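As structure tokens, the structure follows; a few thoughts come after it.
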Amino acid sequence: MALTDADVQKQIKHMMAFIEQEASEKVEEIDARAEEEFNIEKGRLVQTQRVKIIEHYEKKEKQIDQLKKIKMSNLMNQARLKVLKARDDMITDLLTEARQRLAHIAQDPDRYSRLLEGLVLQGFYQLLEPKVIVRCRKEDVDMVQAAITKSIQVYMKTVKSNIDVRIDQEHFLSSNICGGVEVYNENRKIKVSNTLENRMELIAHQMMPEIRVSLFGANPNRKFTD
């Protein structure tokens, strides 16, 4: 039975509707898949950027911590240096005051004469030479000569040997020093410096650990004391 034009048109419309339905469903499927892929890619990019941002700020945080540690270390070193300088200044002031007090010793004739005897005799013992030369301040010549006379007797009794001593009358020690003597062997190649300043510096050097402990207390970081 032949189809009428109306039937043909009806079938065509039905087929077109079916094709349109399929196309529409395909479009929706494609859109859904595209949106899913887009969301996946977007999530991947977001996660990648998040990781990069976290790594960036972790790196910045580590740099800041490192800078803080360096700055703190520098501040501690500066503070330590200031403390050390203050301590050194205090010791310098202490030694300066001690040197100033040395000048008063020579103003006490009894005390100074006894001190000269000890300094001269020590010079004899250190040299152990048959002939020695003593240098002193010009104003101390008489006191030094008296000290030499007494010291010769003690030296000869102790060492059982003669000693010839003379005062250098051409080259005197500076009047700016606080006092004391220098003792030489005959050819002046060996010298024992027993000026008051020299003796004080020697004692200060030997006693510096004790001085530091007295002023600042024991160093907790020091394991050995000798």
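Against the test of being over 22 Å from ARG199 (Cα atoms) and in contact (Cβ under 8 Å) with a residue 24 or more places away in the chain, the options LYS85, LYS69, LYS131 yield a single qualifying residue, LYS131. Can you pull out every residue in the stretch 98-112 that is surrounded by 10 or more Cβ atoms within 10 Å (Cβ to Cβ) and either of a type in the set (Asp, Glu) or farther than 22 Å from GLY179 by Cβ (or both)? Passing the criteria: only ASP108. Candidates HIS14, HIS56: the one that is modelled with pLDDT under 85 and at negative phi is HIS14.
Within the stretch 154-176, the set of residues being open to solvent by 40 Å² or more (accessible area, probe 1.4 Å) and among the β-branched types (Val, Ile, Thr) comprises VAL154, THR158, VAL159.
Looking across the stretch 119-133 at every residue that is more than 16 Å from LYS157 (Cα to Cα) and in contact with a Phe, Trp or Tyr (Cβ under 7 Å, 6 or more places away or on another chain), the one that is surrounded by the fewest Cβ atoms within 10 Å (Cβ to Cβ) is identified as ILE133. Selection of the stretch 194-203 for residues being surrounded by 17 or more Cβ atoms within 10 Å (Cβ to Cβ) and of a type outside the set (Lys, Arg) yields ASN194, THR195, LEU196, MET200. The set of residues from the stretch 48-97 being of a type in the set (D, E, K, R), over 30 Å from MET208 (Cβ atoms) and open to solvent by less than 100 Å² (accessible area, probe 1.4 Å) comprises GLU58, LYS60, ASP65. Kindly indicate the residue of the stretch 134-148 that is surrounded by fewer than 19 Cβ atoms within 10 Å (Cβ to Cβ) and touching a residue at least 24 places away in the same chain (Cβ under 8 Å) and also farthest from ARG111 (Cα to Cα) among those meeting that condition. Looking at the filtered set, the residue picked out is LYS138. All conditions in (1) surrounded by fewer than 18 Cβ atoms within 10 Å (Cβ to Cβ); (2) of a type in the set (S, T, N, Q); (3) in contact with a Phe, Trp or Tyr (Cβ under 9 Å, 6 or more places away or on another chain); (4) modelled with pLDDT of 95 or more hold for SER151, with the sole exception of (1). So, ALA103, is that one among the small types (Gly, Ala, Ser) and in contact with a helix residue (DSSP H, G or I) (Cβ under 7 Å, 6 or more places away or on another chain) or not? Spelling it out, it is not the case that ALA103 is among the small types (Gly, Ala, Ser) and in contact with a helix residue (DSSP H, G or I) (Cβ under 7 Å, 6 or more places away or on another chain).
The values are calculated or read from the model by the stated rules, or taken from the named source; none is laboratory data. Since this is a predicted model, take the numbers as computed values, not measurements. When we count neighbours, we look across all protein chains shown, and the Cβ atoms used for this are built from the backbone with ideal geometry, even at glycine. Each accessible area value is taken on the protein alone, full model and side chains, heavy atoms only, with ligands, DNA and RNA left out. Shrake-Rupley method; radii C 1.70, N 1.55, O 1.52, S 1.80 Å.
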